[in-house]
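J.: Pasting in a structure now, in structure tokens, and then I'll have a few things to ask.
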């Protein structure tokens, strides 16, 4: 598949903590954009179908390693940025 796999959340420009529900929505959107069924993506990512269903529904207790495997299988990018230096609450 030669499609643009970069998926972005539609978030206003502000400090933001992403939720698992939003990650699940991005996973579902990317999967559908690539024409994949849930079972196909689960197999490609090496996770169970039940895990993928729960991830897409926003289950709060999913395992990070499996989430990363799903994102990787989709070609999605997860960016983590450190806090700005000089934070007073650190």
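The values are calculated or read from the model by the stated rules, or taken from the named source; none is laboratory data. Since we're looking at a predicted model, the values are computed, not measured. When we count neighbours, we look across all protein chains shown, and the Cβ atoms used for this are built from the backbone with ideal geometry, even at glycine.
J.: Test each condition in (1) at pLDDT 95 or above; (2) surrounded by 13 or more Cβ atoms within 10 Å (Cβ to Cβ) for residue 5 and report the one that comes out false.
T.: Against the list (1) at pLDDT 95 or above; (2) surrounded by 13 or more Cβ atoms within 10 Å (Cβ to Cβ), residue 5 comes up short only on (1).
J.: Testing residue 83 on (1) loosely packed, with under 15 Cβ neighbours inside 10 Å; (2) out of contact with any helix residue (DSSP H, G or I) (no Cβ under 7 Å at 6 or more places or on another chain); (3) touching a residue at least 12 places away in the same chain (Cβ under 8 Å), one condition comes back false. Which one is that?
T.: Of the numbered conditions (1) loosely packed, with under 15 Cβ neighbours inside 10 Å; (2) out of contact with any helix residue (DSSP H, G or I) (no Cβ under 7 Å at 6 or more places or on another chain); (3) touching a residue at least 12 places away in the same chain (Cβ under 8 Å), the odd one out for residue 83 is (3).
J.: Kindly indicate whether residue 66 is out of contact with any strand residue (DSSP E or B) (no Cβ under 9 Å at 6 or more places or on another chain), in a helix (DSSP H, G or I) and at negative phi.
T.: Criteria met by residue 66.
J.: So which residues in region 39-53 are in a helix (DSSP H, G or I) and crowded, with 18+ Cβ neighbours inside 10 Å, if there are any at all?
T.: 41, 42, 45, 51, 52
J.: Just one of (1) outside any helix (DSSP H, G or I); (2) out of contact with any helix residue (DSSP H, G or I) (no Cβ under 9 Å at 6 or more places or on another chain); (3) at pLDDT 95 or above trips up residue 29, so point out which.
T.: Of everything listed in (1) outside any helix (DSSP H, G or I); (2) out of contact with any helix residue (DSSP H, G or I) (no Cβ under 9 Å at 6 or more places or on another chain); (3) at pLDDT 95 or above, residue 29 misses just condition (1).
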